[in-house]
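This report refers to the structure that appears directly beneath it.
Quick note: the coordinates plus some simple rules give every number you see, no bench work behind them. Small disclaimer: the values here were computed from a predicted structure and weren't measured. Methodologically, a virtual Cβ is constructed for each residue, glycine included, from the backbone with ideal geometry; neighbour enumeration extends over all protein chains shown.
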Amino acid sequence: MAAKQIHLWTWSGNYFGFREGDDLWTYRGQHVGRFRGNDVFAADGRYLGEMDGARLLAKTANKGLRGDPFAPPPPRSMVRALSGQSTNTLYPGYQDFPKF
């Protein structure tokens, strides 16, 4: 049985893609990260950001965090991008999730 997809937007309101199990996918079909709890790390282990509800953002103080490197799965087919949402005001010490 496939893992449930959780649709995600950046803090600025742009549709990003989805979380499926511990994997983060863009709507363009690119695997960009793996979750450890709510934190997401790139294939080389770099901290990318975190999930807050259905939004993605990055805590600047966590930029030095490292996760375990992994081999990303192959790209998938692009899916239809969902509409954007309102922009949220960033918390102090945070920035929007990186673009891919």
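Numbers for the structure displayed
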| quantity | calculated |
| --- | --- |
| Additional length obtainable on full extension of the chain from R36 to F100, 0.36 nm per residue less Cα span | 21.1 nm |
| Approximate spin-label separation M78-R46, in nm, with each point projected 7 Å along Cα-to-Cβ | 2.4 nm |
| Mean Cβ neighbour count within 10 Å, used as a protection proxy, ranking 86-96, 27-37 highest first | 27-37, 86-96 |
| Percent of beta bridges antiparallel (DSSP, the chain, rounded to nearest 5) | 95 percent |
| Exposure proxy ranking, count of Cβ atoms within 10 Å, fewest first, for D52, D39 | D52, D39 |
| Centroid-to-centroid separation of segment 67-100 and segment 19-33 [C-alpha atoms, Å] | 8 Å |
| Length gained when the stretch T60-Q5 is fully extended (0.36 nm per residue, less Cα-Cα span) | 17.1 nm |
| Label selected from (i) 15.9; (ii) 13.6; (iii) 16.7, the criterion being Kirkwood radius over Cα pairs in Å as computed here | (ii) |
